[in-house]
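The values are calculated or read from the model by the stated rules, or taken from the named source; none is laboratory data. These figures come from a predicted structure and were not determined experimentally. Backbone-built Cβ (ideal geometry, glycine too); neighbour counts: all protein chains shown. Please note that ligands, DNA and RNA were not included when accessible areas were found on the heavy atoms of the full protein model with its side chains. Shrake-Rupley method; radii C 1.70, N 1.55, O 1.52, S 1.80 Å.
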Amino acid sequence: MPHPLSSLTPTIIPQMSPELPSYLSTPLKIGKVEVRSRVLQSPLSGVTDQVFRRLVRRYAPESMMYTEMVHASQIKHVRELPQIMDVDPDERPISVQLFDCRPDFLAEGAQMAVQEGADTVDINMGCPVNKITKNGGGSSLLRQPQLAEQIVGAVVAAVEVPVTVKTRIGWDDREINILEFGRRMEAAGAQMITIHGRTRAQGYNGKAQWEWIKRAKETLTIPVIANGDINSVETALQCLAETGADGVMCSRGTLGYPFLVGEIDWFLKTGELKQPPTVVERLRCAQEHLQALFEYKGKRGIYQSRKHMTWYARGFSGAHQLRHQLAQIESVQEGQDLIERAIAQL
Ligand SMILES: Cc1cc2nc3c(=O)[nH]c(=O)nc-3n(C[C@H](O)[C@H](O)[C@H](O)COP(=O)(O)O)c2cc1C
């Protein structure tokens, strides 16, 4: 049966309120956890700290957020970790994402994540970075399905909260094994799987191959979340129509744009497009982000803010120069002044 969204082309979506399939306005059930949104903010290392999540949550209060990935064996030193696993007791729903390849470390890490406040524990089986794959973690688990099963089994046995997996479609185009891999994760006890529709070899390049997410959705009974190239309401609808996924997860589209998850969530709930933020609103958000990062992390927050600031400075005349300047700021005041001047010149 064609998906109810499949007759809508992305270009006509803005002009109409389509009949959205009713499941999209029902809660997403991750085991015993109910999430009242079908749009998720992905884990992004170096980005999705508490400050960023708070901004995203302002526009998407019901969406699931993820911490940056946390190395399970470092979790014992969680107090010393640079606030990677800090969870505000008020931020719900929240998933802590762990990476490692040792089931016992991951099981112990998951227990600590739950103590920190995790509503679900997610295992990273998709990271393509060499440093991680050569130690057997991230996407290299796609090539070690038995170990991946042991990991899921050990973590499920260690915690009461649902355990989920985020992965890719395969190692490379010759080794696309998401269907078999997904079945094995489900059988091992995973309660949801997020599939980034690229292979490990693709890295972050080329198009996400949503057709594999569709096939995985047809194969599995646990919720399947589609990830990759979801940068707008239109692409979210297109992806849902093409895959029939239970939800979508936004990633790079949220860099410098913490409004995205909320925009898609709003559309799925109401059938209406939210007015996008103006350039001034985006730049005011950048100023708030900068201030909050400094308050949260001190001087380190300023250095980390540089990349965020350059992501905000897009899409208006003078943005190129502002980006260049923001990439070098040494203080909050310097950043605020630069943005203030840019706003005055708009
Ligand atoms: C800067 C950056 C950091 C990322 N960090 C993580 C991470 O910590 N955990 C994870 O599972 N995926 C991570 N990813 C992958 C994204 O969550 C997502 O799967 C990927 O970017 C595909 O979605 P997109 O095409 O919408 O960007 C990261 C990606 C980027 C660009």
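At-a-glance table
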{"quantity": "1.4 Å probe accessible area per residue over the chain, in Å²", "calculated": "43"}
{"quantity": "Under-5 Å amide H pairs with Ile30, H placed in peptide plane, nonlocal only", "calculated": "Val35"}
{"quantity": "With every protein chain in place, the chain: carbon and sulfur % of accessible area (1.4 Å)", "calculated": "51"}
{"quantity": "For the chain, calculated [θ]222 nm from helices alone, where every DSSP H run of n ≥ 4 adds -39500 (n - 2.57)", "calculated": "-12500 deg cm²/dmol"}
{"quantity": "Gaussian network model of the chain, springs between alpha carbon atoms under 10 Å - residue of His71, His324, His308 with greatest fluctuation", "calculated": "His324"}
{"quantity": "Most positive-pole-ward Cα, Ser331, Thr167, Thr120, against dipole of the chain from beta carbon charges", "calculated": "Ser331"}
{"quantity": "³J(HN,Hα), Karplus 6.51/-1.76/1.60, whole Hz, each residue of region 296-311, x for Gly, Pro", "calculated": "7, 10, x, 4, 4, x, 5, 4, 5, 5, 3, 5, 4, 4, 5, 6"}
{"quantity": "Segments 129-138, 212-221, 148-157, 259-268 sorted - mean Cβ within 10 Å per residue, highest first", "calculated": "259-268, 148-157, 212-221, 129-138"}
{"quantity": "Over the chain, relative contact order from alpha-carbon pairs under 8 Å, at least 6 apart, %", "calculated": "15"}
{"quantity": "Hydrodynamic radius of the chain per Kirkwood, over alpha carbon pairs, in Å", "calculated": "20.6"}
{"quantity": "Antiparallel DSSP beta bridges within the chain, percent to nearest 5", "calculated": "10"}
{"quantity": "Subset of Lys32/Lys274; Lys269/Lys307; Lys134/Lys307; Lys166/Lys217; Lys134/Lys297; Lys29/Lys166 violating a 24 Å alpha-carbon distance limit", "calculated": "Lys32/Lys274; Lys269/Lys307; Lys134/Lys307; Lys134/Lys297"}
